[in-house]
Amino acid sequence: MEEQAMHSVIDNIWDTYDVDNSGALDKEEARKYIQDATGDVPSQEVFDEMFSNFDKDNSGTIERAEMLVFVKQLLGGDKKPPVEGEK
Ligand SMILES: [Ca+2]
């Protein structure tokens, strides 16, 4: 997938889940996204691990650049999403 298409994917995610238009997903917004993306309601422990996988700079929010890394891993050559908790 091309870089531009990845940005479109993120635009769509942000349109839906960045409800306060802060430009980043906070934990509550990210939880909704993960629930919809996985079709499951993760436990607090699992969610925290997923969130920290996204939030590389530990800012407490997921910025677009952080989501881009995830989308690249998900849609690029590496099919294994980084939410599995593996090193
Ligand atoms: Ca962050």
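The values are calculated or read from the model by the stated rules, or taken from the named source; none is laboratory data. Everything quoted here is computed from the prediction, not taken from an experiment. Positions of Cβ are backbone-derived with ideal geometry, glycine not excepted, and every protein chain shown enters the neighbour counts.
At-a-glance table
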item	result
Selection count where residues are more than 7 Å from the ligand (Cβ to nearest atom) and within 16 Å of Ala37 (Cα to Cα), scope the stretch 49-63	5
Selection status of Glu28, without any contact (Cβ under 8 Å) to a residue 40 or more places away in the chain and more than 11 Å from the chain's Cα centre (by Cα)	yes
All positions within the stretch 44-78 that are farther than 18 Å from Asp26 by Cβ and at pLDDT 95 or above	Glu45
